[in-house]
Structure formats: structure tokens, C-alpha cells
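A quick write-up on the structure given underneath.
The values are calculated or read from the model by the stated rules, or taken from the named source; none is laboratory data. No experiment lies behind these values; they were computed from the predicted model shown. All Cβ positions, even for glycine, are placed from backbone atoms using ideal geometry, and neighbour counts span all protein chains on display. These area figures cover heavy atoms from the full protein model, side chains too; ligands, DNA and RNA do not enter into them. Shrake-Rupley method; radii C 1.70, N 1.55, O 1.52, S 1.80 Å.
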Amino acid sequence: MAEVAGLLLAAGAGRRFGGPKALAVLDGEPFVVRSLSVLAEADCVPVRVVLGASAARVRALLPDPEVAVVAEDWESGMGASLRAGLRALTETDAEAAVVHLVDLPGVGAEVVRRVADGADENTVARAAYDGVPGHPVVLGRRWWPEIVEGASGDKGARDWLRARHDLRLVECGDLGTGNDVDRREDLPG
């Protein structure tokens, strides 16, 4: 069975939210800890967390600070986080990476497991919720250099994924919402 890494993007400043979403708390648990637990429960190994805004504060919350990767140019957008994370994973034996976002409290381990099922170095898969593409995304190692080359701004790998004819959409609407939290009022009740 292929080793599938977990890559948690948690570098943003959360301007619309009023602060870094990695530090947001839901049910007594910071988003970054909650998201890491999801990846761990889904058996993602190894796991890396990309930090940027408030990196020292977020790192202090991590059960293992060694999993942190700092995207020095995080302010330029999600592309910087994706580049930093995939570069860090090239030093591992992972054949694929589950790219998860810190602001998705409605995405649980079941979603990650379903999207990552059968992943290998050639995989290009993405969760969908009622047919609408969302996160997490699974990227086979074969594609990492190409994605790193093209990732920029706040788009991350969006354009790269849009151009793929081999993208496998994996319906997960029965397992979660896939809704991100952009503002405090978006937090689940």
C-alpha cells in the first residue's frame, strides 16, 4: 500500500476572519489541532503543516512542532504554502499527498480516507460535495514538481486541477459539507 502524506495548509492571516484561522477554536479545540487529528485518523503519514501568519503561536499548539514547515513568502497566497509543503514532502517516501485546508471543520477523517483510497504516485483526486469540487485534494508525487512550478497567488493548484482530464472527483457530500470558514459568522453553531 502506498504511503500517503498529509499536507495541512495553515499559513493564512485570516483577514476576513479577524485573525489566523489556524488559531480559531471550535468546541474547545484549535482548528490546526483539529485538522491534524483528521489527517492522523485517516492514516496520513507523514504529516506536514505549513505555517506563515503567527507561525510561532501556531507551532506552539502542535503536538509535534517538528511537523511544521514555514512558508517565508506566505503573504503572497496559498500558492506559496503549497510550494513549501510539497517541497518539504519531497524529503519523504510518500507517493501521494492529501492537501487539506485548516478552515474546513466539516471535513472529517472519513472524507480524507475516501478521497485518498488507492492513491499512488499518479493520482489526481478531489473531494466533491453534491457534485461541487472542493477539498481535500490528493496529488500523486509524479505531479509535485509541475504543481510547485505553477502554484502562485491564492489559486494554489486550482488552474492546474481545472486543466486535468484525469482528475477523479470523489463524492463526499454524504460524509461532510466541505464548507470553509471565511468569517466568524461561518463557524458551525
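Just name the residue that is nearest to L86 (Cα to Cα) out of those in region 103-135 that are open to solvent by 60 Å² or more (accessible area, probe 1.4 Å) and within 16 Å of the chain's Cα centre (by Cα).
Result: R113.
Given G79, G6, which one is modelled with pLDDT of 95 or more and not β-branched (V, I, T)?
G6
Hey, among V50, V33, V25, V69, which residue is of a type in the set (V, I, T), open to solvent by 20 Å² or more (accessible area, probe 1.4 Å) and either in contact with a Cys (Cβ under 7 Å, 6 or more places away or on another chain) or within 20 Å of T92 (Cα to Cα) (or both)?
V69
Is it fair to say V138 is assigned to a helix (DSSP H, G or I) and within 16 Å of the chain's Cα centre (by Cα)?
no
Scan region 157-175 residue by residue and report those that are touching a strand residue (DSSP E or B) at 6+ places or on another chain (Cβ under 8 Å) and either at positive phi or not in a loop (DSSP other than H, G, I, E, B) (or both). Lay out the reasoning, then the answer.
Here is the first cut: in region 157-175, the ones touching a strand residue (DSSP E or B) at 6+ places or on another chain (Cβ under 8 Å) are 157, 161, 164, 166-173.
If the condition is that a residue be touching a strand residue (DSSP E or B) at 6+ places or on another chain (Cβ under 8 Å) and either at positive phi or not in a loop (DSSP other than H, G, I, E, B) (or both), then L161, R168, L169, V170, E171 are the ones that fit.
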